[in-house]
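A.B. asks: What follows is a single structure, and I will ask about it in a moment.
None of the figures in this text is laboratory data; all of them are computed from the coordinates on show. Just so it is clear, the structure is predicted and the values come from calculations on it, not from any experiment. No Cβ is skipped: glycine too gets one built from the backbone with ideal geometry, and neighbour counts run over all protein chains shown.
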Amino acid sequence: MSTIETTLKSDKQKKANQYIEKIYNATEQRNPHESEFLQAVKEIVDSLAPVLAHHPQYMDSGILERLLEPEKSISFRVPWVDDQGKVQVNRGYRVQFNSALGPYKGGLRFHPSVNESIVKFLGFEQIFKNSLTGQPIGGGKGGSDFDPKDKSDMEVMRFCQSFMTELYKHIGPETDVPAGDVGVNAREIGYMFGQYKKMRGAFEAGVLTGKGLQYGGSLARTEATGYGLVYFVREMLEDKGFDFNGKTVIVSGSGNVSIYAMEKAAEYGAKVVACSDSDGCIYDENGIDLATIKELKETGDDRVSAYTDKHPNAQYLEDCSNIWSIPCDIALPCATQNEIDEETAKTLIDNGVKVVGEGANMPSTTEAVDLFLDSDILFAPAKAANAGGVAVSSLEMSQNSSKLMWTFEDVDEKLKEIMKNIYQNSIQAASDYGTPGNLVSGANIAGFIKVADAMNAQGII
Ligand code: NDP
Ligand code: 2IT
């Protein structure tokens, strides 16, 4: 490279770095209390420096300025009446972040911790995740600070109906297609679908995904996120000449994503020795008996502490963060955001972890991710590794619009193919933009370029 070329290149890089700093500072000023949103933004924009240096047109057309502001964001009152006849009020949200690639698509989370920052971080990440799937879906997210946990079935139904009485005005099969997330599973989706149908006066199957199989759901959607995570990690392992067989695995959480990640990892010959809930974790050196965990969830007595009733040799540890001190080859965080901090990451590395695959959204803090990337472990970031759920949601939409129902094997094969493509596209982007092997920047870059090009093609809107 000539001196002029080097100078030009470094000048371009400097300009891109300055631009990114300016953009991030402005976002911080505009959203000062939204720590989770800012964390998600920082990770993305930092990855994009080499892309912006090579393609200054993205700066000229204000792609980042536009991407960082949701196209539309609503919050609304959700009043409902509890079993004692008392009026309760929760807050509902839907953030419609970006529709460059298709209708807004992303889950609804019902958990007491839900606030604007959480919904925005999830909605922002969803844009890039959905782009990576190769499916025609934009990004959005929603939810409520409602806690379905201590509520009766009828209370959950009344809440879901009230929530949808407002939300239905803003969604539709070609507009915005919500699905499940923490605290929202087939039951909640069913109650919301019923209310949508009643308000709209039409059976529009494609308005929600994660539906029951009797009325438009897709086979393999329930399993898709957990299975997809394991398919993705398998791709990473195979690339280095390894596999799951005989590996010791820990999986945090014991919900939808965790259960099916444990199931597929065990099917591939791994020994899953631990899982958790927000109260504590269980360690079973013989391998977790998944049938017991599934049974606990089905009976409603869903605390993992009860596992030891049937398996007295297993250990229950209070405080869910204890799971990370159990030595393992592969760690799959599948519970919630920021469950792995710097200290935890150090413990995992000191204990010899070889792979970390993120099933939850943003389960590792920025410092933890930096530590993983600086060590020689394999790190699979959430946006790429947990995209299987939303990918199969998109396949559910395809089945709904064609009024067909594909077999489990068909959907599962497509899911495997999608996870493989995400891995390959992310690895390729990482290498093209000077960070070989770094799937954080690779996934962010590959996800970004497609959205940015679609936005540019559609004009300044
Ligand atoms: P579920 O509600 O089915 O299960 C959540 C699990 O995580 C439960 O075991 C729960 O424990 C635990 N958990 C939730 N919040 C916390 C918390 N604040 N601290 C500790 N533990 C917690 O949710 P999912 O399995 O669907 O979702 C798990 C993660 O995966 C989330 O980050 C979600 O955004 C992400 N995800 C989900 C997808 C899906 O298709 N469902 C797709 C892609 C990502 P407890 O019962 O004690 O609350
Ligand atoms: O975080 C996620 O990708 C999800 N909760 C799934 C979203 C969806 O639309 O299936």
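A.B. asks: Given axes a ≥ b ≥ c from the Cα gyration tensor, I'd like to know whether the chain is rounded (a/c under 1.5), prolate (a/b larger than b/c) or oblate.
C.D. replies: Since a/c reaches 1.5 but b/c is at least a/b, the shape of the chain is classed as oblate.
A.B. asks: Which entries of Lys151/Lys414; Lys264/Lys297; Lys12/Lys383; Lys310/Lys346 have Cα-Cα distances beyond 30 Å here?
C.D. replies: Details: Lys151/Lys414 37 Å; Lys264/Lys297 18 Å; Lys12/Lys383 28 Å; Lys310/Lys346 33 Å.
From the list (Lys151/Lys414; Lys264/Lys297; Lys12/Lys383; Lys310/Lys346), the Cα-Cα distance tops 30 Å for Lys151/Lys414; Lys310/Lys346.
A.B. asks: What are the residues whose amide H is under 5 Å from the amide H of Arg109, where those residues sit 5 or more places off or on another chain and H is modelled from the backbone?
C.D. replies: Gly142, Gly143, Ser144
A.B. asks: Another one. Does segment 387-437 classify as rounded, prolate or oblate by the C-alpha gyration tensor (a ≥ b ≥ c root eigenvalues; a/c under 1.5 gives rounded; else a/b over b/c gives prolate, otherwise oblate)?
C.D. replies: prolate
A.B. asks: Given only helices, namely DSSP H runs of n ≥ 4 each adding -39500 (n - 2.57), what is the per-residue ellipticity at 222 nm of the chain, to the nearest 500 deg cm²/dmol? All intermediate terms of the calculation are to be shown ahead of the outcome.
C.D. replies: Values: 18 runs with 229 residues, N = 461.
Rounded to the nearest 500, the figure is -15500 deg cm²/dmol.
A.B. asks: Can you give me the distance in nm between label points at Lys240 and Ser113, each placed 7 Å from the Cα along the Cα-to-Cβ direction?
C.D. replies: 2.8
A.B. asks: Once label points are set 7 Å from the Cα along Cα→Cβ at both Asn286 and Thr299, what is their separation, rounded to one decimal in nm?
C.D. replies: 1.8
A.B. asks: Additional query: Suppose R0 equals 60 Å. What FRET efficiency, 1/(1 + (r/R0)^6) with r the Cβ-Cβ distance, do Asn17 and Val87 give to the nearest 0.05?
C.D. replies: About 0.70, to the nearest 0.05.
A.B. asks: Give the peptides 179-185, 250-256, 386-392, 113-119 in descending order of average Cβ contacts within 10 Å, highest first.
C.D. replies: Listed from highest to lowest mean packing, they are 386-392, 250-256, 179-185, 113-119.
A.B. asks: Please list 405-417, 444-456, 126-138, 58-70 highest first by mean number of surrounding beta-carbon atoms within 10 Å per residue.
C.D. replies: Per-residue mean Cβ counts within 10 Å order the peptides as 126-138, 444-456, 58-70, 405-417.
A.B. asks: Follow-up. Let's test the formula: R0 of 25 Å, r as the Cβ-Cβ distance of Asn322 and Glu28. What FRET efficiency results, to the nearest 0.05?
C.D. replies: The formula returns an efficiency of 0.15 here.
A.B. asks: A further question on this structure: Compute, for the chain, the length of the dipole vector about the Cα centre, with Cβ point charges of +1 (Lys, Arg) and -1 (Asp, Glu) only. Units Debye, rounded to 20.
C.D. replies: Charge dipole, the chain, about its Cα centre: 1640 debye, nearest 20.
A.B. asks: While we're on this one: Using Cα-Cα distances under 8 Å and only pairs 6 or more residues apart, what relative contact order does the chain have, in percent?
C.D. replies: 15
A.B. asks: So, R0 is 45 Å and r is the distance between the beta-carbons of Ala306 and Arg77; what FRET efficiency does that work out to, to 0.05?
C.D. replies: For Ala306 and Arg77, the calculated efficiency is 0.75.
A.B. asks: Let me have the relative contact order for segment 259-340, percent, based on Cα pairs under 8 Å that are six or more residues apart.
C.D. replies: 30
A.B. asks: Ok, one more. Is the shape of segment 135-280 rounded, prolate or oblate, going by the alpha carbon gyration tensor and its root eigenvalues a ≥ b ≥ c, with a/c under 1.5 for rounded and a/b larger than b/c for prolate?
C.D. replies: Prolate is the answer for segment 135-280, as a/c is 1.5 or above and a/b outweighs b/c.
A.B. asks: Next question, about the same structure. Need the C-alpha centroid separation for segment 385-459 versus segment 285-352, integer Å.
C.D. replies: Here the answer is 29 Å between Cα centres.
A.B. asks: Among the helices of the chain (complete DSSP H runs), which have Cα atoms covering no less than 15 Å along the helix axis and a Kyte-Doolittle mean of at least -1.0?
C.D. replies: What comes out of the filter, once short or polar helices are dropped, is 35-47, 116-132, 153-167, 186-200, 221-239, 256-267, 388-402, 408-432, 439-457.
A.B. asks: Sort 156-167, 310-321 for me by packing, meaning the mean count of neighbouring Cβ atoms within 10 Å per residue, highest on top. All intermediate terms of the calculation are to be shown ahead of the outcome.
C.D. replies: On the way: 156-167: 21.9, 310-321: 14.1.
Ranked from most to least packed, the peptides come out as 156-167, 310-321.
A.B. asks: To the nearest Å, what is the center-to-center distance of segment 133-188 and segment 69-107, using C-alpha atoms only?
C.D. replies: 8
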